[in-house]
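A.B. asks: Once you've had a glance at the structure underneath, I'll fire off some questions.
Only the coordinates and a few stated rules stand behind these numbers; no lab work does. The structure presented is a predicted model; accordingly, all values stated were derived computationally and were not measured. Ideal geometry is used to build each Cβ from the backbone, glycine not excepted, and the neighbour counts take in all protein chains shown.
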Amino acid sequence: RPEVRFRIVGEGRLGAALRRQAEDLGIAHAVSFDGVRHDIPAVLAETHVFVLSSLWEGLPVTAVEAMAAARPVVLTDVGGCRDLVTPGVEGWLAPPGNVAALATALLEALDDPERQRMFGRRGREKVRRAFGLEQYVRGHEQLYVSLVAARGRPGVAYLHQ
């Protein structure tokens, strides 16, 4: 896929090794190492498919941001990633450490622009439902109710209305 360009955003201890690997594979011309970026919406606007190849994760905020930007995601099946993506609905999941499966999922994503758009829309909607302002307020409301109830104080039922 000579037309594909990869963008690695962020910094980490593997940066130098990844640069060497890109050189060794003869693809350094197709990989940009952007380092830390503070304009993530602009980066995502230029992205066709978001990939996160973690071996472990909590809830990956970067994947949530990509989904909120209606970008299809290819994630490894670890931690909170499996809660974000139903394979074949909002994106693709690959087993952690399975490079061939990750590459296959990425190629599937790249080969089907209509599926990219559909998964992007579905992902954005899922993120809105799970992490939108209404959900945020409801979560805080539930927290306050539980804190007051734990102290044995009545009179908070009005919060549920």
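A.B. asks: Do me a favour and compute the ellipsoid semi-axes for the range 39-130 from its Cα gyration tensor, root of five times each eigenvalue, largest one first, whole Å.
C.D. replies: 17, 15, 12
A.B. asks: Looking at the range 1-118 only, what percent of DSSP beta bridges run antiparallel? Nearest 5 please. The partial results should precede the final answer.
C.D. replies: Working: 1 of 13 bridges.
Around 10 percent antiparallel, to the nearest 5.
A.B. asks: Could you give me D for the chain, from Stokes-Einstein at 10 °C and 1.306 mPa s, where the hydrodynamic radius is the Kirkwood radius over C-alpha pairs? Units µm² s⁻¹, please.
C.D. replies: 90 µm²/s
A.B. asks: While we're on this one: On a C-alpha basis, how far is the centre of the range 79-100 from the centre of the range 1-54 in Å? Whole number, if you could?
C.D. replies: 19 Å
A.B. asks: Among 47, 76, which comes first, then next, by fewest other beta-carbon atoms within 10 Å?
C.D. replies: 47, 76
A.B. asks: Can you give the charge dipole size of the range 4-62 about its Cα centre, rounded to the nearest 20 debye, using +1 on the beta carbon of Lys and Arg and -1 on the beta carbon of Asp and Glu?
C.D. replies: Charge dipole of the range 4-62: 80 debye, to the nearest 20.
A.B. asks: Rounding to the nearest 20 debye, state how big the charge dipole of the chain is about its Cα centre with +1 on each Lys and Arg Cβ and -1 on each Asp and Glu Cβ.
C.D. replies: On the way: 20 positive and 19 negative charges, 103 e Å.
Its charge dipole is roughly 500 debye.
A.B. asks: At a 10 Å Cβ-Cβ cut-off, how would you order 75, 84, 147, fewest neighbours first?
C.D. replies: The fewest-first ordering by Cβ neighbours comes to 147, 84, 75.
A.B. asks: For n ≥ 4 DSSP H runs only, could you compute -39500 (n - 2.57) per run for the chain, divide by its residues and tell me the 222 nm figure to the nearest 500?
C.D. replies: Working: 7 runs with 79 residues, N = 161.
Rounded to the nearest 500, the figure is -15000 deg cm²/dmol.
A.B. asks: Further question on the same structure: From the Cα trace of the range 3-76, what convex hull volume per residue do you get, rounded to a whole Å³?
C.D. replies: 105 Å³
A.B. asks: By per-residue mean of other Cβ atoms within 10 Å, what is the highest-first order of 5-17, 60-72, 119-131? List each step's numbers first, then the result.
C.D. replies: Values: 5-17: 11.8, 60-72: 20.8, 119-131: 17.6.
Those peptides, ordered most packed to least, come out 60-72, 119-131, 5-17.
A.B. asks: Excluding residue 89 itself, what net charge comes from residues whose Cβ is under 10 Å from its Cβ, given Lys and Arg +1 and Asp and Glu -1?
C.D. replies: +1
A.B. asks: Sorted from fewest to most neighbouring beta carbons within 10 Å, what does the list 48, 29 look like?
C.D. replies: Fewest to most other Cβ atoms nearby, the residues stand as 29, 48.
A.B. asks: Which of 9, 60, 132 sits farthest toward the positive end of the charge dipole of the range 2-161, with +1 on the Cβ of Lys and Arg and -1 on the Cβ of Asp and Glu?
C.D. replies: So the residue furthest toward the plus end is 132.
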